[in-house]
Amino acid sequence: MFFRARTKKSSSHQARYGRGLVLTSRSSRRTPRTSGKSLISNLSLPSLTSVKRVLLAMIAIGIVGAVSYFVWFSGYFKITKIYVQYEEFQNENSDILNYFDTLKGKNYLFTDPAEKKTDIQKAHPEISNIIIQKIFPDTIKISFTEFPITANVESIVNGKSVEKVLINSVGMVIYHDTENPNLPYIKMITTAEIDDTMTLPSVEVPGENSTPPAPIVPPTPTQPAEKPLPVISQEYLTYMLSATKSFEERFGMKITELQLLPQARELHFKTEKNFEIWLDIQIPFEKQFLKLKKAMTTLDIYKTPLFYIDLRVSGANGEKVIFKRKK
C-alpha cells in the first residue's frame, strides 16, 4: 500500500509540472534574444585599430609622394658646381673639367662621377692619382696629384742639341725649353741613322706652255696619332737616379751630369772631379760600384787626375776596372 501511494504521488507530480516540458519551454524562449544580439553585432562600426591602419597607410603614401617630388623635380639635387680643388690648376688643367660637362644638371644622388677617372688618366699620363668627390647636395670636387718633376733632359742627336725639357718621374715631358738647376741634368745622346741610298725626287722646271703640277694634298689620317712615349723609360730613369744617389753616398763625390746612351745601353756619370764613371745599364749599379770600391786600394779617385773609369767590362774574377789617366 505504501509503495503504490508514493508511486501515484510521484506520477501526479510529473504530470503536473512536466520535467521535460519545462526544460524545452525555457530553451525556446531564449532563441529570439540570441538572434537579436547577433544582428546588432553585424551592424557595428569598424574597430579603432583598423582606422589607425588606414590613416597610417595614407600618411605613408603622402610622405613617399612628397619625397619623390623633392628628389626628382624640385631641382635641389641637380649638380650645379664642378671645380678643381687647387685654384692654380683651374686654367692649366681646364680640359679636365670638360670631362664633367655632361654631368651638369643631372641628379646628384644617381650620378657616379668616378666613372670619368679612367678616361682622364689615359689622356693625362702625368697624373699619378685623381680623386673625385661628391659634396652634398649639388657639387663635385676634383683633386689630383702629379708625378714629381725629377730631371732636366737635353736630347743630343749626332752631336747636336735638339731639345731641352723637364721630365717627371715616369719620363714624361712636362715643360719644354726650360730647366730647373736644382734637378739633375741628363744628356740623352743618340745617333740618327741616315740611309745614303735615299735621294731627293727630281723636280721639273715648267716651261711657258707647260701645265703647272697639281698641288699635293696630304692624305687624311685614318687613325688618331699614337700617344707620345716617354723621353726616357721609367726603368732607365729609376736606374739613373738611384745610381746617382748611391754613388754620392758611397764615395762622397757629387755627380754634376748624367749621360744616357740608350743605343749602347750605357750610363756615364760626370763627377765634380771632372772625370766620368761608365756603367752598363743592364748590370746592377751596386755590383759595378763594388768593383770600384775594391779598386780604390790601388787607385785614389780623389787625387788621381782621370779622364774616365770604365766599370762595364767584366773580367775573369768580375773585378776588372779600366781607367785612363790625364797626362
> What is the sum of charges around Ile135, taking Lys and Arg as +1, Asp and Glu as -1, for the other residues whose C-beta is under 11 Å from the C-beta of Ile135?
Replying inline: +2
> Between Ala57 and Lys164, what length comes free when the chain is fully extended (0.36 nm per residue of separation minus the Cα-Cα distance, one decimal in nm)?
Replying inline: 31.1 nm
>> Which order do the peptides 256-264, 276-284 come out in when sorted by mean C-beta neighbours inside 10 angstrom, highest first?
In response: 276-284, 256-264
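For Tyr76 and Thr190 in the same chain, what is the full-extension length gain: residue separation times 0.36 nm, less their Cα-Cα distance, in nm? Intermediate results must be reported in sequence, preceding the final value.
Details: separation 114, 0.36 × 114 = 41.04 nm, distance 6.06 nm.
Between Tyr76 and Thr190, full extension yields 35.0 nm more.
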> Contour minus end-to-end for Thr304 and Ile283, with contour as 0.36 nm per residue of separation and end-to-end as the Cα-Cα distance?
Replying inline: 4.9 nm
> Taking the mean number of other Cβ atoms within 10 Å as a proxy for protection, how do you rank 184-190, 136-142, 321-327 from highest to lowest?
Replying inline: 184-190, 136-142, 321-327
>> Cβ neighbours within 10 Å, averaged per peptide: list 74-82, 304-312, 57-65 in order, most packed at the top.
In response: 304-312, 74-82, 57-65
> With Cβ to Cβ distances under 14 Å as the rule, what net charge do the other residues near Ser246 carry (K, R +1; D, E -1)?
Replying inline: +3
> Which of the pairs Lys106/Lys134; Lys78/Lys134; Lys78/Lys141; Lys81/Lys122 have their Cα atoms more than 20 Å apart in this structure?
Replying inline: Lys81/Lys122
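Bear in mind that the values in this text are calculations on the coordinates, not laboratory data. In this text the structure is predicted, and so the values were computed from the model without any measurement. Cβ sites come from the backbone with ideal geometry, for glycine too, and all protein chains shown count toward neighbours.
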